[in-house]
Amino acid sequence: MLLLHVLCYLEVALCAVALCVLIFRKQWSDYAALGCFLAVRIFSDSALVCLHSYASSHPSQRQALYYPYFYVYWASFAVESVLALIIVYSIFKLAMAPLKGLQALGMLVFKWAAGISVAVALGSAFTPNLKGLELLTTAISQLQRTQSILTLCLLLFVCFAIRPMGLSFSSRIFGVSLGLGIMATNDLVQSAWMLFNQNMHTAYSMINGLVFCVIVSTWTAYFALPEPKRRIIVLPTTSPFLRWNQISQALGDNPGFVAIGGVPPELFAPAELEVMRRASVKVNAPVAQFPVSALSEERLSASRAI
């Protein structure tokens, strides 16, 4: 238990250091979701440590402190899962910044995939046997699993696209993605672990604390060290990235608009109305014709003169 308390204090300290380094390096605009994630983690861990310490020193108050501890833990867990999804979204946006067409298309696909996944995850938690707090914890756990799967998919994409996107393994985009991938893997393993080993909360809490400290230390190192400049992307004409980017940009252009019918006269200027009025008068004017009898007489006189 002493090691678990030390890990909690160490986790709070490392999150505070990582948040300070992120702000000092002026990276808040690009990694605001990560900064909010660290801030929520600092607040929740500090509150949980205070509640646990107070309950340990006042055994008679343990029952009364259970619900504050429960709601702080699960509320922060839900907020962190949502923030992790936003971090994944921002990382994808930064990684695809040079190719605006693919960026816009990929962000649209990501929004739909994330929305459907979250809806399915939350919907699967609503079963007849679950009620009250158990329903809440199940829904939040399903949301966390969905976020972990999407995070691992992002990490796989970043690993394959890191070179074509002009990035390197020293870039902060890769460092943040790597930390998220480790966290997602740890959370998925934790879900399977606790399903079959429900009496080993303390052991896995220590493992979880160690893993998170490693993740935050990795983020701190990536933000503290200078980031290599992003390479200029040079793609061959046969590159699928280039072709799909051109197609995405073409699909994203605003279409033209054509008036089909029923246009009121008020939409035209007075000069345009006058031009159209005169044109219609010319079209509808009768064509002058000679009388048939007069024309026959003229032709007859001409033939006689000859």
For this session: Would you be able to say whether some residue in segment 50-59 is surrounded by fewer than 18 Cβ atoms within 10 Å (Cβ to Cβ) and within 25 Å of the chain's Cα centre (by Cα)?
Result: no
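Per-residue answers, yes or no, for (1) over 26 Å from residue 220 (Cα atoms); (2) in contact (Cβ under 8 Å) with a residue 60 or more places away in the chain; (3) not in a helix (DSSP H, G or I):
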{"site": "8", "(1), (2), (3)": "no, yes, no"}
{"site": "14", "(1), (2), (3)": "no, yes, no"}
{"site": "19", "(1), (2), (3)": "no, no, no"}
{"site": "35", "(1), (2), (3)": "no, no, no"}
{"site": "38", "(1), (2), (3)": "no, yes, no"}
{"site": "50", "(1), (2), (3)": "no, no, no"}
{"site": "62", "(1), (2), (3)": "yes, no, no"}
{"site": "73", "(1), (2), (3)": "no, no, no"}
Exercise. Which one of the conditions (1) in contact with a His (Cβ under 9 Å, 6 or more places away or on another chain); (2) under 22 Å from residue 210 (Cβ atoms); (3) of a type outside the set (Lys, Arg) does residue 65 fail to meet, given that it meets all the rest?
Worked result: (2)
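Does residue 88 satisfy the criteria of being in contact (Cβ under 8 Å) with a residue 40 or more places away in the chain and of a type in the set (Val, Ile, Thr)?
Working: in contact (Cβ under 8 Å) with a residue 40 or more places away in the chain: yes; of a type in the set (Val, Ile, Thr): yes.
For residue 88, the condition - in contact (Cβ under 8 Å) with a residue 40 or more places away in the chain and of a type in the set (Val, Ile, Thr) - is met.
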Exercise. Can we say residue 66 is in a helix (DSSP H, G or I) and under 18 Å from residue 140 (Cβ atoms)?
Worked result: yes
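Only residues that are outside any helix (DSSP H, G or I) and free of Cβ contacts under 8 Å to residues at least 24 places away in the same chain: list them for segment 21-33, please. Let's see the steps before the verdict.
The initial filter retains those residues of segment 21-33 that are outside any helix (DSSP H, G or I), namely 25-31.
Residues satisfying the conditions are 26, 28, 29.
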For this session: Looking for whichever is over 29 Å from residue 25 (Cα atoms) and at pLDDT below 70 here; the options are 105, 136. Which one fits?
Result: 105
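Across segment 1-45, what is the total count of residues that are among the hydroxyl-bearing types (Ser, Thr, Tyr) and at pLDDT below 90? Outline the logic, then answer.
First, pick out the residues of segment 1-45 that are among the hydroxyl-bearing types (Ser, Thr, Tyr): 9, 29, 31, 44.
Now restrict to residues that are at pLDDT below 90: 9, 29.
So the answer is 2.
The values are calculated or read from the model by the stated rules, or taken from the named source; none is laboratory data. Because the structure is a prediction, the values reported are computed rather than measured. Reconstructed Cβ throughout: ideal geometry from the backbone, glycine too, with neighbour counts over all protein chains shown.
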